[in-house]
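The values are calculated or read from the model by the stated rules, or taken from the named source; none is laboratory data. All figures in this text were calculated on a predicted structure; none of them were measured in a lab. Methodologically, a virtual Cβ is constructed for each residue, glycine included, from the backbone with ideal geometry; neighbour enumeration extends over all protein chains shown.
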């Protein structure tokens, strides 16, 4: 495994957990080495399936509970003192209410979240692709300090730079603006993307580049025409994680965005339940509307990205 | 500056030095001629990092030695009049009872979480690494906690721990407990609540990472051990676990750093409360900055957090290296 296998957003801003390409590449189908093992006794199967089923139930229960509750009318959510798994009377009114409340503010938040996450991803990947390549291919003077500075950045607690960043954004007059938030997210996204992409470029065999250079491509031409197209899977994974990190971010968004029409989803949804009159019926419905696409995209992307990673490039 | 000078890695790696003893200027010129392309490629990121990471970092460290607060700093309506006060923030923080409490819970939070992430993740990975009916289905469903956006998961747990109509309280009433605890209102239960939620959140990542590690273990070794008469437990202990060590060393370190810095779960489930009972250093620093507006104190916390992580990471790497691993080169 390469020493670069540990890029991560550890700033506590997004808290997204990240698999390196190497880790992902290893999660293919199980090897078929079991052909000649003896059959497992029935009680072992029982224990195995029993524990897996129990784990699965625990894993999906919170989501299930949110889903079920989103169909209960408010009175049923906040009045039933005895356990009532399925709703007594199913309703879609929570969904109607959360979508239309305060002039469709939920949809505005949704839009804000998507815009900021996409912008962060674009900025992060565009700025850092060349740097990731340089770090992967060249051992220039200053290489070690540069690499270490990226590593330490991954360890930054938000606390240490959040105050100065807040000051910069205030001085630029970007408080309560998407651009201010974009600036703040770049502090995390740029070093993160550089790390991720360096890790991926490391896995691409160098023979192709040498051939391209002999055939007369410039250094940048080699990067742009040979390496980048080969790196589509790595770029996709990096985009995916950067998007998710920005999508989940709370700490910066909470202080930079001040008016409800500027909120992102986490900040907006938080207002539903951090008030005296907790609006769980709205929160559960809103949560479902966010979760369903997120889970579908994740499960789809996961499979696609994994197979893409194992296919990429040629074997060295 | 011929094209062969833009050396591709291996060839260019060692040749940068050792040619007589040219003057510093000369060396600079030569290095630049040799490496201009690498530097050019790094420039955009370097500029961003300088402006958005290193400058704020320096400024943050500077703030930690000042008395900056809402009246003398970062206030558009008032002039900046904050002053250098030396180590006062640090001595005040390190002496305070809150710091000790928060540090104590941070340690509990970090180690308990990572312990369960790792053990449960490993157990599930081992189970999923067998030939098994519905293996794909289990794997997919077990990934759900990771697939759900983390802020949604945090809200879901806050909802389930609600008193009196959260799921857990209702369940306890059903089981005959007359007045079940207010999970988020009691300091001890609140600690329990945030830790359970975060354990739930972090297991799938460890599971997938360790599953990858398990599948990379050479099955011939296991077969050889079986031929030599090792039972399942001995094979696991003497072949599988040592084989997992490189992956495990990495994901445990990552897990420790992530958990140490975890913001969302605590901030969204309890907000650090009741009181400061569920604050960890990362959330408490934030709270100092934006609830109490004590910017000097908050950045002092930030510096303390970074120091702890740096020292810990060095120590961890040293330990792992001594155990003879080549995880970091």
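Some notes on this structure:
- Looking only at segment A:157-171, residues that are more than 7 Å from chain B (Cβ to nearest Cβ) and touching a residue at least 40 places away in the same chain (Cβ under 8 Å) come to 1 in all.
- Criterion applied to A:289, A:228 was being in a helix (DSSP H, G or I) and under 25 Å from residue A:197 (Cα atoms), and the one residue passing it is A:228.
- Scanning segment A:267-282 for residues that are facing chain B (nearest Cβ under 7 Å) and touching a residue at least 40 places away in the same chain (Cβ under 8 Å) returns A:269, A:280.
- Residue satisfying condition, being farther than 27 Å from residue B:320 by Cα, facing another protein chain (nearest Cβ under 10 Å) and assigned to a helix (DSSP H, G or I), within set B:197, B:190, B:209: B:197
- Filtered residue count, segment A:231-273, keeping only those that are over 17 Å from residue A:105 (Cα atoms), assigned to a loop (DSSP other than H, G, I, E, B) and over 14 Å from the mean Cα position of the chain (by Cα): 1
- Only listed residue being within 17 Å of residue B:168 (Cβ to Cβ) and surrounded by 17 or more Cβ atoms within 10 Å (Cβ to Cβ), chosen from A:65, A:109: A:65
- Residue in segment A:69-78 that is modelled with pLDDT under 90, within 9 Å of chain B (Cβ to nearest Cβ) and surrounded by fewer than 19 Cβ atoms within 10 Å (Cβ to Cβ) present: yes
Residue by residue, here is whether (1) over 15 Å from the mean Cα position of the chain (by Cα); (2) within 30 Å of residue A:250 (Cβ to Cβ); (3) in a helix (DSSP H, G or I) holds:
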position	(1), (2), (3)
B:221	yes, no, yes
B:230	yes, no, no
B:233	yes, no, yes
B:255	no, yes, yes
B:279	yes, yes, no
B:300	yes, yes, yes
B:311	no, yes, yes
B:315	yes, no, yes
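- Any chance residue B:199 is closer than 15 Å to residue B:262 by Cβ and in contact (Cβ under 8 Å) with a residue 12 or more places away in the chain: yes
- Any hit, segment B:268-276, residues being buried (at least 24 other Cβ atoms within 10 Å of the Cβ), in contact with a helix residue (DSSP H, G or I) (Cβ under 6 Å, 6 or more places away or on another chain) and within 28 Å of residue B:210 (Cβ to Cβ): yes
- Looking only at residues of segment B:116-138 that are facing another protein chain (nearest Cβ under 9 Å) and under 24 Å from the mean Cα position of the chain (by Cα), we find that the one that is nearest to residue B:194 (Cα to Cα) is B:120.
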